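Enquirer: Below you will find the structure I want to go over with you.
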Amino acid sequence: MSRQNNPKAKGRGARAVDQLKIRKATKSDADEVVDLVVRLKRLNNEFDPLLEVVPDVRLRARKYALSSLDQPGVLLLVATNAGKVVGVVRGEVRERLFYTPASEGFISEMYILPEHRRRALGQELLDRASKELEKMGAELIVADLPTRNEIGVHFYTKRGFRRLMEIFARLPQ
């Protein structure tokens with residue numbers, strides 16, 4: 001049950017954490033979405049130096065977020081708490097040319113502010129994104145994250161995901 005439908009969360013004395021809502025992102029969310037995407041990319045860099053963040057990351061994140069709002073086949077959701085964006089998930093429906101099922105809902109970004117983690121928000125964001133991607137035609141849901149992000153790996157495997165592909169990298173010599 002989501003917090004917005006939880007009877008214990010309503011009424012007098014409801015805490016700010018109980019004002020959680022998940023909705024499609026709008027242009028007015030851009031600044032906060034950019035902040036979360038940049039935080040995610042910097043976190044990814046902590047897992048591997050080949051994920052070094054570019055100097056103009058904020059500019060690129062803004063363009064990425066804004067283009068995600070009106071691009072067909074792309075989903076951008078935000079989680080808000082008392083009106084503040086505290087989480088983001090981005091996904092897109094992609095064709096799997098050589099495989100069946102033929103289309104996947106690819107979750108490329110998912111980030112929640114640390115102070116809002118461990119409260120089932122990740123599960124709620126994943127569930128909502130999965131449902132929306134399925135409505136958009138996805139027959140399979142996949143997620144992308146750094147291999148060394150053990151917390152992320154645990155999050156997804158606990159929810160029935162399994163490793164599907166591995167990406168190997170090296171710099172040219």
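The values are calculated or read from the model by the stated rules, or taken from the named source; none is laboratory data. All of these numbers come straight from a predicted model, not from anything done at the bench. Heads up, the Cβs are rebuilt from the backbone with ideal geometry, glycines too, and the neighbour counts pull from every protein chain shown.
Enquirer: Can you tell me how many residues in the range 83-115 are of a type in the set (Asp, Glu), out of contact with any Leu (no Cβ under 8 Å at 6 or more places or on another chain) and modelled with pLDDT of 95 or more?
Expert: Selection size over the range 83-115: 1.
Enquirer: Restricting to the range 103-128, what's the tally of residues that are surrounded by 14 or more Cβ atoms within 10 Å (Cβ to Cβ) and not in a strand (DSSP E or B)?
Expert: Just the residues of the range 103-128 that are surrounded by 14 or more Cβ atoms within 10 Å (Cβ to Cβ), to begin with: 103-113, 116-117, 119, 121-122, 124-128.
With not in a strand (DSSP E or B) added as a condition, the list becomes 113, 116-117, 119, 121-122, 124-128.
The number of residues fulfilling the criteria is 11.
Enquirer: Okay, moving on. Check the range 23-31 and report whether any residue there is more than 30 Å from Phe168 (Cβ to Cβ), in contact with a Ser or Thr (Cβ under 8 Å, 6 or more places away or on another chain) and modelled with pLDDT of 95 or more. Give the steps one after another, and end with the answer.
Expert: Step one: filter the range 23-31 for residues more than 30 Å from Phe168 (Cβ to Cβ), giving 23-31.
Next cut, in contact with a Ser or Thr (Cβ under 8 Å, 6 or more places away or on another chain) only: 23, 25.
Restricting the remaining residues to those that are modelled with pLDDT of 95 or more gives 23, 25.
Scanning the range 23-31, I find at least one residue that is more than 30 Å from Phe168 (Cβ to Cβ), in contact with a Ser or Thr (Cβ under 8 Å, 6 or more places away or on another chain) and modelled with pLDDT of 95 or more, so the answer is yes.
Enquirer: What pairs come out if I take residues in the range 62-91 that are aromatic (Phe, Trp, Tyr) and pair them with residues that are not in a strand (DSSP E or B) whose C-beta lies under 8 Å away, six or more apart or interchain?
Expert: Filtered contacts from the range 62-91: Tyr64/Val37.
Enquirer: What are the residues in the range 17-53 that are touching a residue at least 40 places away in the same chain (Cβ under 8 Å), among the β-branched types (Val, Ile, Thr) and farther than 19 Å from Gly122 by Cβ, if any?
Expert: Correct list: Thr26 only.
Enquirer: Filter the range 129-169 down to the residues that are charged (D, E, K, R), without any contact (Cβ under 8 Å) to a residue 40 or more places away in the chain and assigned to a helix (DSSP H, G or I) and list them by number.
Expert: From the range 129-169, those charged (D, E, K, R) are 131-132, 134-135, 139, 144, 148, 150, 158-159, 162-163, 166; that's our starting set.
So of that shortlist, the ones also without any contact (Cβ under 8 Å) to a residue 40 or more places away in the chain come out as 131, 134-135, 139, 144, 150, 158-159, 162-163, 166.
Lys131, Glu134, Lys135, Glu150, Lys158 - these are the residues of the range 129-169 that are charged (D, E, K, R), without any contact (Cβ under 8 Å) to a residue 40 or more places away in the chain and assigned to a helix (DSSP H, G or I).
Enquirer: A follow-up question, please. Which of the numbered conditions does Ala143 fail, given that it passes all the others? Conditions: (1) over 15 Å from the mean Cα position of the chain (by Cα); (2) modelled with pLDDT of 95 or more.
Expert: (1)
Enquirer: Also, quick follow-up: Just to be sure before I move on: is Ile151 farther than 19 Å from Leu40 by Cα and of a type in the set (Val, Ile, Thr) in the structure I sent?
Expert: No; evaluated as a whole, the condition is false for this residue.
Enquirer: Quick check on my filter: what residues within the range 65-79 are touching a helix residue (DSSP H, G or I) at 6+ places or on another chain (Cβ under 8 Å) and within 23 Å of Lys131 (Cβ to Cβ)? First the steps, then the outcome.
Expert: Kept after step one, since they are touching a helix residue (DSSP H, G or I) at 6+ places or on another chain (Cβ under 8 Å), are these residues of the range 65-79: 65-66, 69, 74-79.
Once the filter is applied, which keeps residues that are touching a helix residue (DSSP H, G or I) at 6+ places or on another chain (Cβ under 8 Å) and within 23 Å of Lys131 (Cβ to Cβ), the range 65-79 yields Ala65, Leu69, Val74, Leu75, Leu76, Leu77, Val78, Ala79.
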